[in-house]
Amino acid sequence: MDILITNDDGIISDGIVRLAEAATCFGNVWVVAPHEQNSATSHSITLRQHIDLHPHDFPVEGVTAFSCSGTPADCVRVGSLNIMPHKPDIVFSGINYGYNMASDIQYSATAGAAFEAEFQGIRAIAFSEDFGECHEVTDRYLKELIGELIKEPYIPGQIINVNFPGCSLKECNGILRDRKVSRLAYFEDHYNEIERFSDGGVRLMVEGVHAPASEEGSDYDAVLGNYISIGRVRNIG
């Protein structure tokens, strides 16, 4: 297989390195990823500015890597149309630092990159994990799930979305498949006023408060229960 990998945390993120290392067991790997943090940019692409790409040293042997000045969705577009000799067989996005699930997935650039691949008619899988420092579950199951999910058929208008819980391996209760996207919010946002301007304007800063809530059969319910969540997410159209 020819595999294209991107993310939204940037090309030096530990998550993309771990994903690329696992992916090399299944084919030829190219990495095209933002040169800096791009979280919450959703499916945005660059239209009125140029995009710069530079070869980038990557700590996984055999991986061809480029940093990109654009968004994660841009990375998929230029990666598949300009960097690789032909379109990839599959696109992986992640491993994101922080869950991409519930209603918050609409803001996710990890999911947005996977959706862009789907727009291009390419199978795509988004991988995310908890914000914490414990990656035991991810590292134990990542290769196994890649091997399983790359065999899934391409379904137009859908991507596969995987979230790994941040618990220890001993605490993990297993894998739940066919999880629906919860309509609840992972974070409940509000804005704090941090400065007022002389013209009557105001400077605000968003703050998200973790809002654990259970919705049976959902992705959110799965990770709250220390399960790996696997589900399909619909693209528009």
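The values are calculated or read from the model by the stated rules, or taken from the named source; none is laboratory data. Everything numeric in this text was worked out from a predicted model, so none of it was measured. Glycine also receives a Cβ, built like all others from the backbone with ideal geometry; neighbour counts cover every protein chain displayed.
Brief remarks follow.
- In the stretch 156-174, the residues that are closer than 24 Å to PHE115 by Cβ, surrounded by fewer than 17 Cβ atoms within 10 Å (Cβ to Cβ) and in contact (Cβ under 8 Å) with a residue 40 or more places away in the chain: GLY157
- In summary, strands (runs of 3 or more DSSP E) completely within the stretch 4-88 and bearing 2 or more residues that are surrounded by fewer than 20 Cβ atoms within 10 Å (Cβ to Cβ) and at pLDDT 95 or above occur at 53-55.
- The condition (being free of Cβ contacts under 8 Å to residues at least 40 places away in the same chain, outside any strand (DSSP E or B) and within 19 Å of SER128 (Cα to Cα)) is satisfied by just one residue among PRO153, PRO212: PRO212.
- With respect to the conditions (1) on the phi > 0 side of the Ramachandran plot; (2) touching a helix residue (DSSP H, G or I) at 6+ places or on another chain (Cβ under 7 Å); (3) without any contact (Cβ under 8 Å) to a residue 40 or more places away in the chain, ALA102 falls short on a single one, namely (3).
- For the residues ARG140, ARG183, the requirement of being outside any loop (DSSP other than H, G, I, E, B), basic (Lys, Arg) and either modelled with pLDDT of 95 or more or in contact with an Asp or Glu (Cβ under 9 Å, 6 or more places away or on another chain) (or both) singles out ARG140.
Quick grid of which residues meet (1) under 26 Å from ILE11 (Cα atoms); (2) basic (Lys, Arg); (3) touching a Leu at 6+ places or on another chain (Cβ under 7 Å):
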| position | (1), (2), (3) |
| --- | --- |
| GLY98 | yes, no, no |
| GLN120 | yes, no, no |
| PHE127 | yes, no, yes |
| PHE131 | yes, no, no |
| VAL137 | yes, no, yes |
| LEU149 | yes, no, no |
| ASN161 | yes, no, no |
| VAL181 | no, no, no |
| GLU188 | no, no, no |
